[in-house]
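To keep things clear, I will list the structure first and then write my remarks on it.
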Amino acid sequence: MSSKLFATAGQLGSSTLFEASGLKCSLDRNIRPICPGLILVGEAYPLSCAPGDNLAIHIALEKAPANSVLVVEAGGYVAGYWGEVLTVAAQAKNIVGLVMDGGVRDIAAMNRRNFPVFTRGISVQGTAKARFNSVGEAIQISDCSISQGDLVVADDDGVVVIPKMHIERVINAGKDRADKEALMMEKLSAGSTTVELLGLQKWR
């Protein structure tokens, strides 16, 4: 995927892309950023951890291509699957961020390193390294199926994952939506109302 597409996706943001997509592509709203203000855009590298075990993450860090986002399914089990050590390892491999349907720890250290992390929870409890479900294979989080190479866009509004076959269409639709909203805001600044612009006069 081109750097131009990445840049455009990040500018449009998760909400615009979700609304433009017509897809079930948003993750659970409880998967939130540990550091508000950071934007995460990249190609998904999916993996599935056994509950309370982060072995899959260590294997994934050896296999994931540069510029990937690790997207981790852990059944919503909140433990410290990820922390500062794995952050340093990920940045050395040019992994651009983490989406974790589970838990993380070492929050202050990760924020100092400006590493975007979106997670279900925070926990001091560590994890074992004995078993895993899958690495690099498709996973399911919420209503969203995630495969390697899908587009991940995450920001303060939430996390969306756009399937590879829909990326170009969704980004183009997102640009159209953003242009329409920009025009609407110009009209609002000039004195129009949302009731007028959205055709809601019958509810006055």
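Values for this structure:
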| read-out | value |
| --- | --- |
| Within the stretch 51-158, strands (runs of 3 or more DSSP E) holding 1 or more residues that are under 21 Å from P33 (Cβ atoms) and free of Cβ contacts under 8 Å to residues at least 40 places away in the same chain | 68-73, 97-104 |
| Subset of the stretch 25-37 [in a loop (DSSP other than H, G, I, E, B), in contact with an Asp or Glu (Cβ under 8 Å, 6 or more places away or on another chain) and of a type outside the set (D, E, K, R)] | L27, I31, P36, G37 |
| Residue count, the stretch 159-197 (criterion: outside any helix (DSSP H, G or I) and within 21 Å of L12 (Cβ to Cβ)) | 5 |
| Residue match in the stretch 13-23 (condition: of a type outside the set (D, E), modelled with pLDDT under 95 and not in a strand (DSSP E or B)) | no |
| Subset of the stretch 127-141 that is of a type outside the set (G, A, S) and within 15 Å of V71 (Cβ to Cβ) - its residue that is surrounded by the most Cβ atoms within 10 Å (Cβ to Cβ) | I141 |
| Filtered residues of the stretch 68-104 (kept if surrounded by fewer than 18 Cβ atoms within 10 Å (Cβ to Cβ) and polar (S, T, N, Q)) | Q91, N94 |
| Condition broken by E19, with the remaining ones in (1) of a type in the set (D, E); (2) buried (at least 19 other Cβ atoms within 10 Å of the Cβ); (3) in contact (Cβ under 8 Å) with a residue 60 or more places away in the chain; (4) more than 19 Å from E137 (Cα to Cα) satisfied | (2) |
| Residues of the stretch 142-183 that turn out to be surrounded by 23 or more Cβ atoms within 10 Å (Cβ to Cβ) and at pLDDT below 95, as a count | 0 |
| Residue in the stretch 105-113 that is modelled with pLDDT of 95 or more, under 22 Å from D150 (Cα atoms), surrounded by 18 or more Cβ atoms within 10 Å (Cβ to Cβ) and not hydroxyl-bearing (S, T, Y) present | no |
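The values are calculated or read from the model by the stated rules, or taken from the named source; none is laboratory data. What you see is a predicted model; the values in this text were computed from it and never measured. No Cβ is skipped: glycine too gets one built from the backbone with ideal geometry, and neighbour counts run over all protein chains shown.
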